[in-house]
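Heads up, the thing below is written out as structure tokens.
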Amino acid sequence: MTEILQTQLLINNKLVPASDGATFDLYSPHTGEKVAKVAEATREDVDLAVDAAEAAFPAWSAMSPFERGKPLKKLGELVMSEKDELAHLDAITMGRPVTTFFDSFYAATHFNYFAEAAYPQGHTSLNTPGFLNMSLRQPFGVVAIIIPWNAPLVFFSKKVAPAVAAGNCVVLKSSEKAPLTSWKLSQWIEKCGFPPGVINVLSGHGRTSGDALSMHMKVRALSFTGSTRTGRAIQIASAKSNLKKVVFELGGKSPCIIFDDADIEQAAKETENSINWNSGQTCMANSRIYVQEGIKDKFIEAFSTFARQRKMGDPTSPETNHGPQADKVQHEAVLRFIDLGKKDAEKTIDTGNESIKLGESKSLLVHPVIFTNVPEDSRLTKEEVFGPVVIINSFKEESEAIAKANDTEFGLYAALYTKDLERALRVGKKLESGMVGVNCTSPTGCWDLPFGGYKGSGTGRESLLESMDHFLETKSLYVRVGGIGGIV
Ligand code: NAD
């Protein structure tokens, strides 16, 4: 019997229950056991957290970047020293195998980087006679952050670190599916030396606390990672309230094109990892693969061989690299897409190995599935599944592959495999996508180049170099210094 955790909200450096005492239950997606009673933040809690952030802002924003960096560094140390516990908390809530937990290293890098790099700069201008003009970069004040469940610590760190380093105070809402790592960090905020109100952490569902943050008149900027559907709702809430600035990292339906001169083994190995890592619950997973006709059978065989090597099972086990879907809702949604694929695709290949008998277990595991020759207008080709489900279709010509890859409302990460460098650059230029992998695919990337999507996959870009920009306003200050001239 596992211990049932009881979580709180962090408001003004106090760990408190929800104002009405409400909680919701979380269950392990592998054992079905209850693992936590989670505080469900109310609208009143959102107001209290925003008020605390507002009160903390004048002193926090007046501190030097060096002073603001000190608690961030301590948080970076703690996420590393407690990484096993953090990995365990995600494993028991959303089924992420502990063997795949890179998140502490990612988070520590971000906390450390922004602890040192937060020296925002404006410009000066002497181009107006009689004036010495300048632009200032200043924090917004209260910033809201809403994160998803598939890598919560990654999103906590990549948004909170630049926001507070720039001098803002934040209210973060974790995902109802995986709130425990954010809750764990909330227990360390005061100990690290953050003054009360600088970082507030709420748990709860979108319809109450998420919506209250999106509609809040005192929240001046909101950074969101999650589905395109929720991004739309937040955009509308922003427009209906105070036109707060919004930054979105949203869903994907990422294509990968494999040309017939590619290294088939490498392409198969990496594309299989891309779609099946985290049980397919990755925004940038290459869920649509387009293989040039002559190599299709060989590619599918190699891909299936890698998929069959997955070790499915208990996400807390050091043997497992493929855990269950995050919860019943995700599980059912993925199974519905698999049923659809069985109708729409020419062929269905179940690549699950028999390490666990699905019918005899409470686990929400799903066997990885390949669907071949799926019509381009099928819902399976158009919509994000967020599960271990890949489409492998074929193409004859380069132009056909590009047209199919771009025929989507998403545009997060596209990839291509070829030994022809000219073709790689020509095709890379034409793909409508915020990120393009050449002879590599997602999650390959780099932390100091822009991360984000074209079209319905988002607005704005995040990275070590870009992210702080989202959390700074720009002001032009015109200073008359005398003499001849003036603004014409
Ligand atoms: P989701 O949109 O359902 O939820 C994300 C967060 O938004 C949660 O905290 C949720 O409580 C909150 N929310 C829900 N409704 C809301 C509302 N009306 N107002 C305000 N907040 C609300 O997404 P999810 O299921 O948690 O995550 C999976 C999605 O996230 C996928 O679409 C995936 O592609 C996307 N994602 C994108 C990236 C990226 O960087 N582009 C990274 C990870 C995940």
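Read the figures in this text as sums done on the coordinates, not as results from a lab. All figures in this text were calculated on a predicted structure; none of them were measured in a lab. Heads up, the Cβs are rebuilt from the backbone with ideal geometry, glycines too, and the neighbour counts pull from every protein chain shown.
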- Query: Modelled label-to-label distance, VAL438 and GLU67, 7 Å Cα→beta-carbon offset: nm?
  - Reply: 4.8 nm
- So what is the relative contact order for the chain, in percent, with contacts set as C-alpha pairs under 8 Å and at least six apart? 19 percent
- Note on the structure: Around HIS88 (Cβ within 11 Å, Cβ-to-Cβ, excluding HIS88; K/R +1, D/E -1) the net charge comes to -1
- Over the range 12-101, what is the mean sequence separation of C-alpha contacts under 8 Å (at least six apart), divided by residue count, expressed as relative contact order in percent? 29 percent
- Filter the trypsin sites (Lys or Arg not before Pro) in the range 365-459 to those in DSSP coil with at most 16 other Cβ atoms within 10 Å of their Cβ, and list the result. LYS396, LYS419
- Task: Report the local net charge at ARG220: Lys and Arg +1, Asp and Glu -1, summed over other residues whose C-beta lies under 13 Å from its C-beta.
- Result: +1
- Pair GLN309, LYS362: separation of 7 Å Cα→Cβ label points (nm): 3.4 nm
- Query: Looking at this model, which pairs from LYS37/LYS177; LYS430/LYS455; LYS83/LYS159; LYS177/LYS269 are more than 21 angstrom apart at the alpha-carbon?
  - Reply: LYS177/LYS269
- Note on the structure: Between CYS256 and residues 5 or more places away or on another chain, the pairs with built amide H atoms under 5 Å apart involve ARG288, ILE289, TYR290, ALA415
- Using modelled backbone amide H atoms (1.01 Å from N, in-plane), which distant-in-sequence or interchain residues come within less than 5 Å of PHE140's amide H? GLU473
- Note on the structure: Taking the square root of 5λ for each eigenvalue of the C-alpha gyration tensor of the range 255-438, the equivalent ellipsoid has semi-axes, largest first and in whole angstrom, of 28, 17, 15
- Take the Cβ-Cβ distance between LYS34 and LEU335 as r, set R0 to 25 Å, and report the resulting FRET efficiency rounded to the nearest 0.05. 0.60
- Query: In nm, what is the difference between 0.36 nm times the number of residues separating LEU243 and SER476 and their Cα-Cα distance?
  - Reply: 81.8 nm
- Query: Going highest first, how would you order 171-179, 130-138 by mean Cβ packing within 10 Å?
  - Reply: 171-179, 130-138
- Message: Within the range 218-260, list the residues whose amide N lies under 18 Å from a label point set 7 Å along Cα→Cβ of ARG207.
- Response: 227, 229-234, 237
- Message: Using a Förster radius of 35 Å, what is the FRET efficiency between THR459 and ASP261 based on their Cβ-Cβ separation? Nearest 0.05, please.
- Response: 0.45
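Rounded if a/c is under 1.5, else prolate if a/b beats b/c, else oblate: with a ≥ b ≥ c from the C-alpha gyration tensor eigenvalues square-rooted, which is the chain?
In terms of gyration-tensor shape, oblate.
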- Query: What is the calculated FRET efficiency for VAL16 to LYS343, with r their C-beta to C-beta distance and R₀ = 41 Å, to the nearest 0.05?
  - Reply: 0.25
- Query: Which ordering of TRP447, TRP149 is given by a fewest-first count of other beta-carbon atoms within 10 Å?
  - Reply: TRP447, TRP149
- Using 0.36 nm per residue, how much length does the chain from ASP47 to MET80 gain when fully extended, once their Cα-Cα distance is taken away? 8.7 nm
- Please work out, to two decimal places, the log10 of the ratio I(q)/I(0) at q = 0.15, 0.24, 0.25 Å⁻¹ from a Debye calculation in which every Cα of the range 397-488 carries one identical scatterer. -0.67, -1.24, -1.28
- From fewest to most C-beta neighbours within 10 Å, the residues ILE199, ILE391 line up as ILE391, ILE199
- Counted charge near GLY341, where neighbours are those whose Cβ lies closer than 13 Å (Asp, Glu -1; Lys, Arg +1): +2
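Find, among the chymotrypsin sites (Phe, Trp or Tyr not before Pro) in the range 167-228, those assigned to loop by DSSP (not H, G, I, E, B) with at most 12 other beta-carbon atoms within 10 angstrom.
Details: sites: TRP183, TRP188, PHE224; in loops: TRP188.
Qualifying residues, ordered by number: none.
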- With labels modelled as points extended 7 Å from the Cα through the Cβ direction, what inter-label distance (nm, one decimal) is found for LEU449 paired with LYS269? 2.2 nm
- Could you pull out every residue, at least 5 positions away or on a different chain, whose amide H is within less than 5 Å of the one on ASP261? Hs are placed 1.01 Å off N in the peptide plane, and Pro or chain starts have none. LYS419
- Note on the structure: Quick note on ASP103, ASP260, ASP84, ordering by fewest other C-beta atoms within 10 Å, gives ASP84, ASP260, ASP103
